[in-house]
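This report concerns only the one structure given below.
Where a number appears in this text, it was derived from the coordinates with a stated rule and is not lab data. None of the values given here were measured: they were computed from a predicted structure. Cβ sites come from the backbone with ideal geometry, for glycine too, and all protein chains shown count toward neighbours.
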Amino acid sequence: MTAEAIELDSWLERLPLTLRDLLAGPIPGPWRWIVQDVIAIAVVLAVFPLLFAFLTLAERKVLGRIQNRPGPNRVGWGGILQPFADGIKMLTKEDIVPRAADPVLHFLAPVALVSFSLLSLAVIPYGRHLVPLDLDAGILYFFAASASSELAVFMAGWAGRNKYSLLAAMRALAQLISYELPLLLSLVPVVMLAGTLSPSGIVAAQAGWSAGFLPHWNILTPWGLAGFAIFMVAALAEANRSPFDLPEAESELIAGHLTEYSGFKYALFFMAEYFAMCALSGMAVTLFLGGWQAPVAILQFVPSYGWFAIKLLSLLLGFIWIRATLPRLRIDQLMRLAWKFLLPLALINLVTASFWHLSAGWGAAAQPLRWGLGLALVAVPFVVIGRRLSTGLGPRTYRYAAP
Amino acid sequence: MNATLVLLGVFIVATAGTALSLQNIVRSVLLLVLSWFGIAAFYLWAGAEFAAFAQALVYGGAVSMVVLFAVLLTRRGHQDATVAPPPPGRLLAALLAGGAVAGIIAATVIRTPFASVSDEVPVLPVRRLGALLMGPHAAALLVTGALLTAALLGAVVIAAGAKDDKEGSP
């Protein structure tokens with residue numbers, strides 16, 4: 001082991017492993033791996049619900065500040081215990097199942113949703129040594145798990161025997177199918193250029209710095225920038241987050257597929273939504289933001305899981321910010337954005353990535369040309385397709401209200 | 001090892017059989033999806049990780065959505081989701097047709113000589129799978145791609161032929 005590698009493997013970096021080995025130490029050899037896996041599962045099951053709890057608080061606080069009000073500030077110190085009060089409220093509320101509902105599906109829907117979204121958390125590399133499940137085809141596993149959650153949304157919409165729920169289920173299916181395509185296409189260049197479907201392999205492919213401060217993250221290339229933008233827009237839609245929260249649009253569909261749910265089942269839906277948001281953000285960090293790698297070489301003393309947490313929380317904050325900023329789309333606008341805008345851009349991004357790959361051997365003098373061509377391949381289609389889509393959409397004419 | 005295989009087989013056949021016998025079409029679809037997940041589990045048991053996840057992604061995520069969409073668009077409400085039991089004539093015809101297909105498949109399986117397999121499970125990493133698909137089997141991949149593209153274009157032509165509403169008006 002070289003001196004640098006020893007330094008990178010500091011005690012802080014290995015702390016989670018040390019704690020795990022301490023716990024699993026007394027267990028005899030053949031059983032140890034089971035205990036180690038159970039500990040990894042327990043940690044995921046402890047960290048993400050806690051993150052969910054405090055994320056709801058952060059969301060309400062941030063939304064409050066953006067809307068010029070304090071947000072929850074009564075329970076605990078400045079409202080810090082609000083999530084636990086909410087949890088107790090949800091647990092003690094009556095669980096109502098409509099008489100006409102399909103009781104089996106009504107019960108299974110939230111359970112399936114939470115389990116599928118938890119499954120997708122398994123393959124994300126949270127740190128140098130922190131990969132709960134290191135699969136060769138991990139990326140495929142992730143999207144298989146998150147695609148299955150659409151089924152649960154449909155089950156929830158169907159089981160309630162409520163026309164608003166059913167309408168919402170239809171909308172949800174249409175939306176999730178439509179945005180799955182750009183989501184998957186935007187990550188194809190990453191897989192192509194890294195040459196692997198394993199998340200840890202993709203993080204390893206983004207290692208290193210140019211001149212000690214320019215990280216080799218995918219987002220710092222023309223195709224990576226476009227891919228990241230497409231991925232995040234599609235992720236917003238996949239996680240049913242504003243401005244794509246049509247399936248549960250409160251003002252149009254009461255609460256969509258959540259209409260006939262109450263009590264803890266209702267809370268489970270929210271939990272699953274936040275898990276999905278965390279999983280997709282974690283995948284975005286892995287694919288485009290260098291995973292657990294430090295942004296600058298001299299900052300490597302901060303443990304890798306710390307960097308992952310910082311990146312993950314910034315993306316989650318971005319989700320909240322977007323929710324506070326953008327109004328909800330209409331269903332036809334939503335479809336048009338997916339099929340006529342994001343999908344062509346994602347396909348063109350494949351060409352951009354191929355160009356970037358083929359021009360990797362160009363000398364230092366040709367780098368400005370390489371960057372210019374790459375950025376042009378991203379920007380020109382964006383402007384052209386965007387303009388074409390927005391022609392004929394003049395300023396709105398108000399017939400009955402004063403502008 | 002073989003107990004797992006038997007359990008998986010029973011699970012797949014049982015869910016598919018129940019899906020066929022149920023009157024409520026939505027429940028049938030959901031059971032069918034469960035059966036597809038069973039097939040994915042079988043691939044996982046057989047060591048074909050890639051095929052298993054692709055099965056879950058394509059069948060569990062995409063094909064199921066298409067089937068559910070078809071059900072939702074052709075039914076008017078919850079009451080309509082229950083299908084009447086088939087008349088005896090149709091039942092007989094279905095049994096005959098299904099039996100014939102099952103017979104052909106079974107006969108083919110029985111008559112096919114299988115090379116004796118060693119106990120060692122071959123490991124095929126995804127990278128090698130990709131190299132095989134892009135190298136020796138590139139022609140098959142291209143033919144499949146061309147076929148799917150033709151089907152997609154056909155669907156677009158059919159959809160575009162339908163009278164479309166004026167879009168974009170608020």
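Quick notes
- Neighbours of residue A:83, meaning other residues whose beta-carbon lies under 12 angstrom from its beta-carbon, give a summed charge of +1 when Lys and Arg score +1 and Asp and Glu score -1.
- Gyration tensor over the Cα atoms of the stretch B:4-114: the corresponding equivalent ellipsoid has semi-axes (square roots of 5 times the eigenvalues, largest first) of 27, 22, 12 Å.
- Put a plus charge on the Cβ of each Lys and Arg, a minus charge on the Cβ of each Asp and Glu, and nothing anywhere else: the dipole of the protein assembly as shown about its Cα centre is then about 1540 debye.
- Diffusion constant of the stretch A:15-81 at 20 °C, which comes from Stokes-Einstein with the Kirkwood Cα-pair radius and 1.002 mPa s, µm²/s: 146
- Shielding by other protein chains, A:146-155, mean Cβ within 10 Å: 5
- Compactness ratio for the stretch A:93-389: Cα radius of gyration over 2.2 N^0.38 Å (N = residue count) comes to 1.06.
- ³J(HN,Hα), Karplus 6.51/-1.76/1.60, whole Hz, each residue of the stretch B:134-139, x for Gly, Pro: 7, x, x, 9, 4, 4
- Along the axis of the charge dipole computed for the stretch A:15-81 (Cβ charges of +1 for Lys and Arg, -1 for Asp and Glu, origin at the Cα centre), the listed residues A:48, A:75, A:18 are led at the positive end by A:75.
- Exceeding the 27 Å Cα-Cα cut-off - candidates A:93/A:163; A:61/A:265; A:265/A:340: A:265/A:340
- About the Cα centre, charge dipole magnitude for the stretch A:237-347 (Lys/Arg +1, Asp/Glu -1 at Cβ), debye: 320
- Across the options A:162, A:244, A:397, the greatest Cα extent toward the positive end of the charge dipole of chain A (unit charges at beta carbon of Lys, Arg, Asp, Glu) belongs to A:397.
- Between the alpha-carbon centres of the stretch A:359-403 and the stretch A:31-86 there is a gap of 39 Å.
- Residues in the stretch A:55-70 carry Karplus couplings, in order, of 5, 5, 5, 4, 4, 5, 5, 5, 4, x, 4, 5, 8, 6, 9, x Hz; the curve used is 6.51 cos²θ - 1.76 cosθ + 1.60 with θ = phi - 60°, and Gly or Pro positions show x.
- Put a plus charge on the Cβ of each Lys and Arg, a minus charge on the Cβ of each Asp and Glu, and nothing anywhere else: the dipole of the stretch A:15-81 about its Cα centre is then about 440 debye.
- Among A:315, A:166, B:7, the order by Cβ neighbours within 10 angstrom, fewest to most, reads B:7, A:315, A:166.
- As an equivalent ellipsoid, the protein assembly as shown spans semi-axes of 37, 33, 30 angstrom, where each value is the square root of five times an eigenvalue of the C-alpha gyration tensor, largest first.
- CD proxy at 222 nm, helix term only [per DSSP H run n ≥ 4: -39500 (n - 2.57); per residue of chain A; nearest 500]: -22000 deg cm²/dmol
- Positive dipole terminus of the stretch A:100-203, leading residue within A:190, A:103, A:202 (C-beta point charges): A:103
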